[in-house]
Amino acid sequence: GGTMKRRAGEREKELKKKKLLEELGENRLPYLTPADADFHQLWKTKYSKLIFRKSDTVPEELHQTVQESFLTLREHNCFFQDLVRIKGKDFLTPVSRILIGNPGCTYKYLNTRLFTVPWPTEGYDIKYCSPQIHDACKALMRLNDYLHIEAVKALQGQNLFETKEIKDTTVIDREQSCATSLTEQGSVSKDQSGVCVPEDDGSLKSRTSYNLTLLNYMDPLQMLYLKQEPYFGMGNMAVSWHHDENLVERSAVAVYSYSCGDSAEEESSEQELKGRDPAVWHVGLKVAWDIETPGLAVPLHQGDIYLMLDDLNTTHQHCVLAGLSPRFSSTHRVADSSRGTLEYILGQCELALQNLQTDSDSMALSLKSLEAAVVKQVEEIHNEVEFEWLRQFWFQGKRYLKCTDWWLKPMAKLEEFWRKMEIMTSLVLSEVRKEQQIEEQRNETISCFLLLLKERQKLRKEWTAR
């Protein structure tokens, strides 16, 4: 049912997109950059949940360790293009990525599950392939902590701003005052302690406690082809228009941007050029499915940070517009971990195996129950562990061995559980063949069992083809 709904949603989005582009024809929608007179007013009214921090508001030492960690991971060949599935076809992403975060966390996008290279977390035995990779992961964990604090402050500031209903302050004024207070760490905590937040701290914390970061790297000059931005004519795109997937509802996204080129040379000499400077990386924003509101193209310089707060990721779409120099970014997210952690899938496996029993004398295996609901639950978990975890990991996960072997033990454990579930499937087959089963119960078990077996067969063929 979930898959059908998702496909229907995707079809609806495609139709909307097609209709929008047909309506536009050769005309392009207007978009604004900081050079335009109405830019700040538009940001204040239509994009106020996008918060920007210039690089000089971030501690220099943090810049240094984070930027060194990007270069270290690139030197160790830890960035990989992902093979993603869109409309039944596989595509390599133009951007190379690596996922770093809480041990046992995963992040799924475009039908591809990425497995975290764990950052050094207390209580976990994590062996890295080199001390440099350990240091890089540690630096990104520090950046994660810093961005969590910044996101909490930004949300508190926004709540305070909305509560007081200040009409005459522009977004940029607010940002400058925030930036000033950032340099005075002592006064920040004092100022924030008096903030009256109209939502509880638990909600703020849960929507800003980043459990992973998806690191991106791209050198545009190495790309044979980059898609052109279709709605506004913003130029080359590194990442097309999208909402970030698989996140906790209304959670903030924080992005640290690092272009490797000399920022003095980055600026295009063609200052009379209309629109965004194609030499500089930008984040593009638009209101989702809206052809009235102009878009925004915000330049990203070395060490800049931006935050997408509250429901901005849902109500708006964003894209990344390529400049000329190679660029890294660290995109910190509160991934929805309800079905995406190692702890979750191990719990599911243990739940399924409760229906398997071993005879104390003969050691023969048998099923405790043949009830349709129990069989269905076990076979659904069987499919989940095979297609959402084992195949996803071995399809692309082996590359993480360049960083750490942390996932090998858990995968061996999941394979062991999967083998037991294969035995359970065989036991169901042999049991339903026996005549002494009550006809009605037997038919119910067979019908739900067959559906899941067909699904398994179909998915195995798909994965074999991939």
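The values are calculated or read from the model by the stated rules, or taken from the named source; none is laboratory data. Computed from a predicted structure; not experimentally measured. Please note: Cβ atoms are built from the backbone with ideal geometry, for glycine as well, and neighbour counts cover all protein chains shown. For the accessible areas, the whole protein counts, side chains as well, though only heavy atoms, and no ligand, DNA or RNA atoms are used. Shrake-Rupley method; radii C 1.70, N 1.55, O 1.52, S 1.80 Å.
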What shape does the stretch 277-344 have by the C-alpha gyration tensor, where a ≥ b ≥ c are the square roots of the eigenvalues, rounded means a/c under 1.5, and otherwise prolate means a/b greater than b/c and oblate the rest? oblate
Suppose R0 equals 30 Å; then what is the FRET efficiency for Glu422 and Leu110 from their Cβ-Cβ distance, rounded to the nearest 0.05? 0.55
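Tell me which chymotrypsin sites (Phe, Trp or Tyr not before Pro) from the stretch 69-149 have a DSSP coil assignment and no more than 13 other beta carbons within 10 Å of their own. Please list the in-between numbers first.
On the way: sites: Phe70, Phe79, Phe80, Phe91, Tyr107, Tyr109, Phe115, Tyr124, Tyr128, Tyr146; in loops: Phe79, Tyr124.
Answer by residue number: Tyr124.
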Low-density loop trypsin sites (Lys or Arg not before Pro), the stretch 320-426, at most 14 other Cβ within 10 Å, DSSP non-H/G/I/E/B, are Arg339, Lys368
State the percentage of accessible surface on the stretch 269-352 attributable to carbon and sulfur atoms; use a 1.4 Å probe and exclude ligands, DNA and RNA. 52 percent
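Taking all pairs of different Cα atoms in the stretch 342-465, averaging 1/r and flipping that mean, what Kirkwood radius in angstroms comes out?
Values: mean 1/r = 0.0634 Å⁻¹.
That comes to 15.8 Å for the stretch 342-465.
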Given +1 on the Cβ of Lys and Arg, -1 on the Cβ of Asp and Glu, and no further charges, what dipole in debye does the stretch 342-465 carry about its Cα centre, rounded to the nearest 20? 700 debye
Please work out the Cα center distance from the stretch 51-92 to the stretch 360-378, rounded to the nearest Å. 47 Å
Phi-derived 3J(HN,Hα) across the stretch 91-98 with the Karplus relation (6.51, -1.76, 1.60, θ = phi - 60°), rounded Hz, x for Gly and Pro, is 9, 7, 6, x, 8, 8, 9, 8
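Could you pull out the trypsin sites (Lys or Arg not before Pro) across the stretch 78-160 that fall in loop regions by DSSP (anything but H, G, I, E, B) with no more than 10 other Cβ atoms inside 10 Å? Could you put the intermediate results ahead of the total?
Numbers: sites: Arg85, Lys87, Lys89, Arg97, Lys108, Arg113, Lys127, Lys138, Arg142, Lys153; in loops: Lys87, Lys127.
Within the stretch 78-160, the qualifying trypsin sites (Lys or Arg not before Pro) (loop, at most 10 other Cβ atoms within 10 Å) are Lys87, Lys127.
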Would you pull out the residues with amide H under 5 Å of His316's amide H, same chain only if 5 or more places away, H placed 1.01 Å from N? Ala288
³J(HN,Hα) across the stretch 418-431 via Karplus (A = 6.51, B = -1.76, C = 1.60, θ = phi - 60°), whole Hz, x for Gly/Pro? 4, 4, 5, 5, 4, 5, 4, 4, 4, 5, 4, 4, 5, 5
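For the stretch 342-465, report the accessible area per residue in Å² (1.4 Å probe, heavy atoms, rounded to an integer). Intermediate values should be presented prior to the final figure.
Numbers: 6980 Å² over 124 residues.
With the other protein chains kept in place, the stretch 342-465 gives 56 Å² per residue.
With Cβ to Cβ distances under 15 Å as the rule, what net charge do the other residues near Thr404 carry (K, R +1; D, E -1)? It would help to have the intermediate numbers written out before the result.
On the way: positive: Lys127, Lys138, Lys398, Arg399, Lys402, Lys409; negative: Asp125, Asp135, Asp405.
Neighbourhood net charge equals +3.
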Cut-off under 5 Å, modelled amide H: who pairs with Cys260 long-range: Arg327, Phe328
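Leu160 to Lys227: FRET efficiency via 1/(1 + (r/R0)^6), r the Cβ-Cβ distance, R0 51 Å, to the nearest 0.05?
Numbers: r = 40 Å, r/R0 = 0.79.
Rounded to the nearest 0.05, the efficiency is 0.80.
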List every residue whose amide H lies under 5 Å from the amide H of Val117, counting only residues 5 or more places away in sequence or on a different chain, with H placed 1.01 Å from N in the peptide plane. Leu99, Ile100, Gly101
Zone residues, the stretch 127-154, relative to Leu62, backbone N less than 18 Å from point 7 Å out along Cα-to-Cβ: 136-154
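Taking 30 Å as the cut-off for C-alpha to C-alpha distance, list the pairs among Lys138/Lys205; Lys413/Lys454; Lys138/Lys227; Lys89/Lys402; Lys227/Lys274 that go past it. It would help to have the intermediate numbers written out before the result.
Details: Lys138/Lys205 21 Å; Lys413/Lys454 26 Å; Lys138/Lys227 35 Å; Lys89/Lys402 28 Å; Lys227/Lys274 20 Å.
Long pairs (Cα-Cα over 30 Å): Lys138/Lys227.
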In nm, to one decimal, how far is the modelled label at Ser338 from the one at Ala412, with both set 7 Å along Cα→Cβ? 3.4 nm
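How high is the relative contact order of the stretch 342-465, in percent, counting Cα pairs under 8 Å that sit 6 or more residues apart? Intermediate values should be presented prior to the final figure.
Details: 81 pairs, mean separation 44.4, N = 124.
Relative contact order comes out at 36 percent.
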